[in-house]
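The values are calculated or read from the model by the stated rules, or taken from the named source; none is laboratory data. Please read these numbers as outputs of a predicted model, since none were measured by experiment. Using ideal geometry, Cβ is built from the backbone for each residue, glycine included, and neighbour counts are taken over all protein chains shown. These accessible areas exclude ligands, DNA and RNA; they are computed on the full protein's heavy atoms, side chains included. Shrake-Rupley method; radii C 1.70, N 1.55, O 1.52, S 1.80 Å.
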Amino acid sequence: MGDAYCSDCKRNTEVVFDHSAGDMVCSECGLVLESHSIDETSEWRTFANESGDNDPVRVGGPSNPLLTDGGLSTVISKPNGVQGDFLSSSLGRWQNRGSNPDRNLINAFKGIASMADRLNLVATIKDRANEIFKKVEDLKSVRGRNQDAILAACLYIACRQEDKPRTVKEICSVANGATKKEIGRAKEFIVKQLEVEMGQSMEMGTIHAGDFLRRFCSHLGMPNQIVKAAQEAVQKSEELDIRRSPISIAAAIIYMITQLYDDKKPLKDISLATGVAEGTIKNAYKDLYPYASRIIPTYFAKEEDLKNLCSP
């Protein structure tokens, strides 16, 4: 019930909603004030056998074009309260009789989604990783190989292609036991297989130190002022001929910037946050030290302040 203006009664009257027809009817004269109205309330319904089951979901997931049936096939579940072996029943036999050709793909997609969620990756990266695995799976060349390493390598390549790179160490931390060496070999294998299939080199995207810097700074709990100065230093360092990996350069610049701030970060903490060995950070810092006055913003540190930097 509610109030609305009725053109026949020439005043506000109580109205009745006929949800089955979608009509709003005046309760006094019966005039249909609005027809085919849209019900904006929740459409969830529960078809559970037990009243204690409050699951509101009444629809399945979205279709998946990478699967044969689009991911819209029906699975006969075991009824509640059924005792004994469900597969021995008639419904169970029918369910077990039809083998799912996409079983391996579904399990692989679940594994990729689990790893991506633990790294807080966006859905576009997960979708790209699924596409890469589907292409490799269609080539029938991953059988007998470490499945966890293959999935982790697909995720690593997807991050590179989506310009959201992650270090191999970060991928390894969620790879269910796969080592860095196994993931590296799997990545090289996938790239080689797909390049042969496509007949051209595979675009992997370019890694820059700035791609990792903000995330590393966040792990260290650094304030925005230092993060901004570190980002500018990273951008200027790209103009130099420093032959170090972008991850090492990012870690070394963080180490350099924090020395000029009151809240200095120990080298050990930076190594843990970035996944770069302390010795590697020192070597990269040694290469960057002569250019400190060129890469560190003047608003953050003056020329005399740079004398506080420790000598490599």
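Here residue 135 sits with roughly 110 square angstrom of accessible surface, probe radius 1.4 Å. Amide H contacts for residue 15 (H built 1.01 Å from N in the peptide plane; partners 5 or more residues away or on another chain; cut-off under 5 Å): 2, 3, 4, 27. Whole-Hz Karplus values for the stretch 299-312 come out as 6, 8, 8, 7, 4, 6, 5, 5, 5, 7, 5, 6, 6, x Hz, taken residue by residue from phi with 6.51 cos²θ - 1.76 cosθ + 1.60 and θ = phi - 60°; glycine and proline positions read x. Only one residue of 218, 231, 267 has its Cα farthest out toward the positive end of the dipole of the stretch 187-312, where Lys and Arg carry +1 and Asp and Glu -1 on Cβ, and that residue is 267. The accessible area of residue 208, taken with all protein chains in place and a 1.4 Å probe, comes to roughly 80 Å².
Which pairs break 31 Å Cα to Cα here: 169/265; 110/264; 135/180; 192/268; 134/180; 140/181? Let's see the in-between values first.
Values: 169/265 21 Å; 110/264 42 Å; 135/180 23 Å; 192/268 37 Å; 134/180 23 Å; 140/181 22 Å.
Violating the 31 Å Cα-Cα cut-off are 110/264; 192/268.
Measuring with a 1.4 angstrom probe and ignoring ligands and nucleic acids, residue 122 comes out at about 80 Å² accessible. Near residue 4, within a Cβ-to-Cβ distance under 10 Å, what is the net charge of the other residues, with Lys and Arg +1 and Asp and Glu -1? Around residue 4, the surrounding residues sum to -3.
What's the FRET efficiency of residue 308 with residue 185 using the Cβ-Cβ distance as r and R₀ = 30 Å, to the nearest 0.05? Don't jump to the answer; show the numbers that get you there.
On the way: r = 44 Å, r/R0 = 1.48.
The pair residue 308/residue 185 has a calculated efficiency of 0.10.
Couplings for the stretch 122-136, taken from phi via the Karplus curve 6.51 cos²θ - 1.76 cosθ + 1.60 with θ = phi - 60°, read 6, 5, 5, 6, 4, 5, 5, 5, 5, 5, 5, 5, 4, 5, 5 Hz in order; Gly and Pro are left as x. The amide H of residue 33, built 1.01 Å from its N in the peptide plane, has 24, 25, 26 as neighbours under 5 Å, considering only residues 5 or more places off or on other chains.
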